[in-house]
Amino acid sequence: MGSRAQPLRSICIVGGGTAGWSAAALLSRVLQNSGCRITLVESSAIPTVGVGEATIPPIFDFLRNIGADELEFIRRCQATFKLGIQFRDWLHRGHSYWHPFGNLGVTINQRPFHHYYCKNRAEGHGETLADLCPSVALAEDCKFAFPSLDGNWPGGAIAYALHFDAGLVAAFLRQHAEAAGVERLDRRIVRAERSDKGIDAVHFDNGESLSADFYIDCSGFRGLLIEETLGAGFEDWRHWLPCDSAIAAPTAAQVHRAPYTVASAGAAGWQWRIPLQHRTGNGLVYTSEFISDTDAHKELLGALEGEPLGDPRLLRFTAGLRRRAWVGNCLAIGLSAGFLEPLESTSIHLIHTGLNRLLDLFPDRNFDPALIAAYNGDVHREYAHIRDFLLLHYAPNRRMGEPFWDYMRNLELPDTLTEKIELFTRTGRIMSKRRELFADISWFYVMHGMGLQPATTDPLVDLAAFGEVRKIIGQLSATMRAFRAAAPTHDAILDRLLDPAETRRPNFGNGGGWSGR
């Protein structure tokens, strides 16, 4: 029989913001009856990055895991709904495509519908994603609908996430965590003291110090504990993802708030536009090697719809991740663990998967090296998977004669991505692995959007009589036309949710239909 576990008695979270308060909110919920004391240390004099405003559908899993009220979250965090991302000018100028949430068409003879979609296009038929993917159809019309409770197509094929104000989210999570017993210390850490196990204590500028069994580093890019104190090392991925700067500039709220993010390719990077209830988030992600800060600033301001609400903020970053996100009794979460440009809204998701992974491999005071090695290996696999998916947006571009885009098109890609592209372009197959964030359909949306087409058809797809397939596609298109015509606008849904007199509410992220509670 194994030795008795030595449960953690105390956890110190260094840094607030979305990462720190997410950790506090989740751990206080999971450990509520354990007797473990959780303290979060942040300095009100140190600003957080706070520009993450777009998410992906698992955000609702996190809200449920911390016991949050989703409607209260939407109201307090100025949230809007997100059906996907529209990519403009990525393949070439004037071209756009969608990466929507949710499914395309229906399964036929146990084969994924994207095979039939490609065959239909190859045969000269003109149905687009908007005819066969409900999330695209709604997004194009600035409409929104919750997934149908019965799961039938087309309503059952919808998935969605949120846009929100990251500063308000941190405040929401802080209140949630403090109500669950998390203690907040407003202190500035001047140094951390090492021990054989990792971190022994953190020392504050007022002469005080704090010791804990376990430390979670949410100090941002700096990596106060994981890097400055423990020297975890950093795996630099700038040769693949050279964007290293961003300028953020909010503008007034859109007259009609779109239920999607816009990512527009620029001279040396790309610009985001994220509609919130009270304002529109804008920013330019760029590569300083190919454009100056001054020219990037001009490019952003020239593309804004309206005047900035404040002075644009400049951020610097390096794509990559810590060689070890977990060292001894210290775990890095969020920006202190690594950073990948926010092209697919994965930054907040990586906070939450890091925390979920911690729960899967939760330590006691012995900090078994096997747990730590398993955690670090899984982090690397997850980041590499997302890195490859981001590269897929760049590598097939046809923006000839533009230095940045020429560089991205001529990159030597990771073998994992090269193999994925080759499998699809030769055979139409996509082989995602279990637990990977981006499933086959997401890879298809971006491969198709970036002009990649399979050379051959899946032989099992050819077994279905194409005349019958055409009938199914016709039926789906007709059903879609009726569905999108009847759907309410995104603004109408928001107005209803924000109305204090509204007593019915959707089952967020879980079938979506309105209930009477």
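The values are calculated or read from the model by the stated rules, or taken from the named source; none is laboratory data. Nothing here was measured: the structure is a model prediction, and the numbers come from that model. Positions of Cβ are generated from backbone atoms using ideal geometry, with glycine treated the same way; all protein chains shown enter the neighbour counts.
Output the number of residues of region 365-379 satisfying the condition of being outside any helix (DSSP H, G or I) and crowded, with 17+ Cβ neighbours inside 10 Å.
Of the residues in region 365-379, 1 are outside any helix (DSSP H, G or I) and crowded, with 17+ Cβ neighbours inside 10 Å.
Here's the yes/no breakdown for (1) closer than 19 Å to LEU104 by Cβ; (2) in a helix (DSSP H, G or I); (3) among the β-branched types (Val, Ile, Thr); (4) over 29 Å from the mean Cα position of the chain (by Cα):
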site: THR456; (1), (2), (3), (4): no, no, yes, yes
site: LEU476; (1), (2), (3), (4): yes, yes, no, yes
site: ARG481; (1), (2), (3), (4): yes, yes, no, yes
site: ILE493; (1), (2), (3), (4): no, yes, yes, no
site: ALA501; (1), (2), (3), (4): no, no, no, yes
site: PHE508; (1), (2), (3), (4): no, no, no, no
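Exactly one condition in (1) without any contact (Cβ under 8 Å) to a residue 24 or more places away in the chain; (2) closer than 18 Å to PRO275 by Cα is not met by GLU305; state its number.
Of (1) without any contact (Cβ under 8 Å) to a residue 24 or more places away in the chain; (2) closer than 18 Å to PRO275 by Cα, only one is false for GLU305: (1).
Under the condition of being at pLDDT below 95 and outside any strand (DSSP E or B), which residue from region 179-199 is nearest to ILE13 (Cα to Cα)?
Filtering region 179-199 for residues that are at pLDDT below 95 and outside any strand (DSSP E or B), the one nearest to ILE13 (Cα to Cα) comes out as LYS197.
Give me the pairs: first residue in region 72-98 and among the small types (Gly, Ala, Ser), second residue assigned to a helix (DSSP H, G or I) and crowded, with 20+ Cβ neighbours inside 10 Å, beta-carbon distance under 8 Å, and six or more apart or on different chains, which are they?
Cβ pairs passing all conditions: ALA79/PHE73; GLY84/SER135; GLY84/VAL136; GLY84/ALA139.
What pairs can you find where one residue is in region 405-430 and assigned to a loop (DSSP other than H, G, I, E, B), the other is loosely packed, with under 14 Cβ neighbours inside 10 Å, and their Cβ atoms are less than 7 Å apart, with a gap of 6+ or different chains?
Pairs found: GLY428/THR456.
Looking at (1) in a helix (DSSP H, G or I); (2) on the phi > 0 side of the Ramachandran plot, which is the only condition HIS115 fails?
Only one criterion in (1) in a helix (DSSP H, G or I); (2) on the phi > 0 side of the Ramachandran plot is unmet by HIS115, namely (2).
Go through (1) at pLDDT 95 or above; (2) surrounded by 19 or more Cβ atoms within 10 Å (Cβ to Cβ) one by one and return the number of the condition GLY509 breaks.
Looking at each condition in turn, GLY509 falls short on (1).
If you scan region 450-469, which residues turn out to be of a type in the set (Gly, Ala, Ser), surrounded by fewer than 12 Cβ atoms within 10 Å (Cβ to Cβ) and touching a residue at least 24 places away in the same chain (Cβ under 8 Å)?
So in region 450-469, the residues of a type in the set (Gly, Ala, Ser) come out as 451, 455, 464-465, 467.
Those still in the list that are surrounded by fewer than 12 Cβ atoms within 10 Å (Cβ to Cβ) too: 455, 465, 467.
Within region 450-469, ALA455 is the sole residue that qualifies.
Residues are listed down the side, and each one gets a yes or a no for (1) under 23 Å from GLN6 (Cβ atoms); (2) free of Cβ contacts under 8 Å to residues at least 12 places away in the same chain; (3) outside any helix (DSSP H, G or I):
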| residue | (1), (2), (3) |
| --- | --- |
| ALA296 | no, no, no |
| LEU300 | no, no, no |
| LEU359 | yes, no, no |
| PRO363 | yes, no, yes |
| ARG381 | no, yes, no |
| PHE389 | no, no, no |
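Kindly indicate whether GLY15 is farther than 23 Å from GLY354 by Cα, in contact with a Ser or Thr (Cβ under 6 Å, 6 or more places away or on another chain) and of a type in the set (Gly, Ala, Ser).
No, not satisfied.
Tell me, yes or no, whether region 200-210 has at least one residue that is within 26 Å of HIS352 (Cβ to Cβ), aromatic (Phe, Trp, Tyr) and outside any helix (DSSP H, G or I).
no
Within region 235-256, restricting attention to residues that are out of contact with any Asp or Glu (no Cβ under 7 Å at 6 or more places or on another chain) and among the charged types (D, E, K, R), which residue is surrounded by the fewest Cβ atoms within 10 Å (Cβ to Cβ)?
ASP236
Going through ILE493, ILE472 one at a time, which residue ends up being aliphatic (A, V, I, L, M) and either over 24 Å from GLY84 (Cα atoms) or without any contact (Cβ under 8 Å) to a residue 12 or more places away in the chain (or both)? If you could, list the steps in order and put the result at the bottom.
Details: ILE493 fails: either over 24 Å from GLY84 (Cα atoms) or without any contact (Cβ under 8 Å) to a residue 12 or more places away in the chain (or both).
Result of the check over ILE493, ILE472: ILE472.
When you go through (1) within 23 Å of ARG316 (Cβ to Cβ); (2) in contact (Cβ under 8 Å) with a residue 12 or more places away in the chain one by one for SER292, which number turns out not to apply?
(2)
If you check every pair at least six apart or on different chains, which have Cβ atoms under 6 Å apart with a residue in region 44-67 that is more than 11 Å from SER345 (Cα to Cα) and among the hydrophobic types (A, V, I, L, M, F, W, C) first and a residue that is at pLDDT below 90 and surrounded by 14 or more Cβ atoms within 10 Å (Cβ to Cβ) second?
PHE60/PHE508; PHE60/GLY509
The conditions are (1) surrounded by 22 or more Cβ atoms within 10 Å (Cβ to Cβ); (2) touching a helix residue (DSSP H, G or I) at 6+ places or on another chain (Cβ under 7 Å); (3) not charged (D, E, K, R), and VAL327 fails exactly one of them. Which is it?
Going through the list (1) surrounded by 22 or more Cβ atoms within 10 Å (Cβ to Cβ); (2) touching a helix residue (DSSP H, G or I) at 6+ places or on another chain (Cβ under 7 Å); (3) not charged (D, E, K, R), VAL327 breaks only (2).
Determine which single condition SER292 fails, assuming it passes every other condition in (1) at pLDDT 95 or above; (2) within 25 Å of the chain's Cα centre (by Cα); (3) not aromatic (Phe, Trp, Tyr).
With (1) at pLDDT 95 or above; (2) within 25 Å of the chain's Cα centre (by Cα); (3) not aromatic (Phe, Trp, Tyr) applied to SER292, the lone miss is (2).
Mind listing whichever residues of region 224-249 are in contact with a helix residue (DSSP H, G or I) (Cβ under 9 Å, 6 or more places away or on another chain) and among the aromatic types (Phe, Trp, Tyr)?
Correct list: TRP237, TRP240.
Within the set of pairs 6+ apart or on separate chains, which have a first residue in region 212-234 that is in a helix (DSSP H, G or I) and crowded, with 19+ Cβ neighbours inside 10 Å, a second that is at pLDDT below 95 and of a type outside the set (A, V, I, L, M), and C-beta atoms under 9 Å apart?
Pairs found: GLY220/GLY17; GLY220/THR48.
Between residues in region 128-145 that are without any contact (Cβ under 8 Å) to a residue 24 or more places away in the chain and residues that are surrounded by fewer than 19 Cβ atoms within 10 Å (Cβ to Cβ) and part of a loop (DSSP other than H, G, I, E, B), which pairs lie under 6 Å by C-beta distance while being six or more apart or on different chains?
none
Looking at LEU63, LEU83 in this structure, which one is closer than 20 Å to HIS352 by Cβ, within 18 Å of the chain's Cα centre (by Cα), modelled with pLDDT of 95 or more and not acidic (Asp, Glu)?
LEU63
Can you spot a residue in region 163-186 that is surrounded by fewer than 21 Cβ atoms within 10 Å (Cβ to Cβ), of a type in the set (S, T, N, Q), under 30 Å from ASP69 (Cβ atoms) and free of Cβ contacts under 8 Å to residues at least 60 places away in the same chain?
yes
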